[in-house]
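Presented below is the structure to which this report refers.
Read the figures in this text as sums done on the coordinates, not as results from a lab. Bear in mind the structure is a predicted one, so any value in this text is a computation, not a measurement. For neighbour counting, all protein chains shown are included, and Cβ atoms are generated from backbone atoms with ideal geometry for every residue, glycine included.
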Amino acid sequence: MKIEKLIPDNDTFSEEDHFSTNASTPLRKDAFKLSDDEKIVLIQEHFKYILDTLGMDLNDDSISGTPLRVAKMYVKELFGGLHPDKKPKASTFKNSYKYGEMLVEKNITLYSTCEHHFLPIVGKAHVAYISNGSVVGLSKINRIVDYYAKRPQVQERLTLQIVQELQKVLNTKDVACVIDAKHLCVNSRGVSDISSSTVTSEFGGSFKKEDKKLEFLDYIKLDTDFNE
Ligand SMILES: [Zn+2]
């Protein structure tokens, strides 16, 4: 079996160019030259090669369908958030009721994939913002979390991407996000620490101020000290 290697070019595709941060997912410019269906065919072949190399019998009924199943799952589900077309539409509403305090959407279920080991990251995201005149539908926040989670990720980048997207959509810096998640690459292998979880946070705009930060952390009941 022969594996065609895709030649990476050095230019990376940046969906958040105007933010000039390094929080963008490192994608090549030609990342979407292949269609989803073409990617599924190629990944299926590559995954067959992995199983074959491990010595698995691909004629066995139980695993003969695995390469195609994994390929579809990668392209359509686990890594579906790589495709800019899947980004949730940025519709906002006028804050006509003049609600001026923070809005907290907490305990958003998070499933992502560690890009270093390709194992699951499972946890909760907590997001807050203070309206600058516009508001978003609550489910939009969940969808933005899910969109960025459906990529090969590191938790730090995921946290930043969620905050930066909401800052853009809501036209305010006053957005914060805390993620508390378990990484199966830590929990199930390597040091095998089943109880540890990883907390990351990003506090934008007025959430950098002590009182707003503490108010947010109080709502989500995380007593971790983020001031260091
Ligand atoms: Zn990992």
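For a test of the definition: using alpha carbon positions, the gyration tensor, and the 1.5 limit on a/c, classify segment 92-220 as rounded, prolate or oblate.
prolate
For the chain, modelled as a GNM with alpha-carbon contacts under 10 angstrom, which of 59, 95, 187 fluctuates the most?
59
Assigning unit charges at the beta carbon (Lys, Arg +1; Asp, Glu -1) and nothing else, what dipole magnitude in debye, to the nearest 20, does the chain show about its Cα centre?
The calculated dipole for the chain is roughly 620 debye.
May I ask you to list the residues of segment 125-149 whose amide nitrogen lies under 19 Å from a point 7 Å from Cα along the Cα→beta-carbon direction of residue 97?
Hits in segment 125-149 for residue 97 at 19 Å: 128-142.
Of 152, 190, 205, which is farthest towards the positive pole of the chain's charge dipole, taken about the Cα centre with +1 and -1 on the beta-carbons of Lys, Arg and Asp, Glu respectively?
The residue sitting farthest along the positive end of the dipole is 205.
Pairs to check: 48/89; 76/106; 29/72; 87/208; 48/182. Give those whose C-alpha atoms are more than 25 Å from each other in this structure.
Table pairs above 25 Å Cα-Cα are 48/89; 76/106; 87/208; 48/182.
Can you find, among 73, 42, 25, the residue sitting farthest towards the positive end of the charge dipole of segment 12-86, where Lys and Arg contribute +1 and Asp and Glu -1 at Cβ?
25
Once you have the Cα-Cα distance between residue 193 and residue 59, take 0.36 nm times their residue separation minus that, and quote the gain in nm to one decimal.
44.6 nm
Seen from all sides and averaged, what is the projected area of the convex hull of the Cα atoms in the chain, in nm²?
15.1 nm²
Given the DSSP H assignment, sum -39500 (n - 2.57) over each helix run of at least 4 residues in the chain and divide by its residue total; what's the result at 222 nm in deg cm²/dmol, nearest 500?
Helix-only estimate at 222 nm: -9000 deg cm²/dmol.
Using a Gaussian network model of the chain with C-alpha springs under 10 Å, which one of 102, 56, 73 is most mobile by mean-square fluctuation?
Result for the chain, Cα springs under 10 Å: 56 fluctuates most.
Charges at C-beta only: +1 for Lys and Arg, -1 for Asp and Glu. How large is the resulting dipole of segment 12-86 about its Cα centre, in Debye rounded to 20?
Charge dipole of segment 12-86: 120 debye, to the nearest 20.
Please pull out the direction-averaged projected area of segment 67-141, using the convex hull of its alpha-carbon atoms, in nm² to one decimal place.
Averaging across all directions leaves 6.5 nm² for the Cα convex hull.
Specify the inter-centroid distance of segment 16-83 and segment 95-118, based on alpha-carbon positions, in whole Å.
Here the answer is 27 Å between Cα centres.
Which of 88, 26, 152 moves most in a GNM of the chain, Cα contacts under 10 Å?
26
Can you compute the FRET efficiency between residue 89 and residue 116 using 1/(1 + (r/R0)^6), with r the Cβ-Cβ distance and R0 = 35 Å? Round to the nearest 0.05.
0.65
Mind giving me the FRET efficiency for residue 50 and residue 218? R0 is 41 Å, r the Cβ-Cβ distance, nearest 0.05 is fine.
0.30
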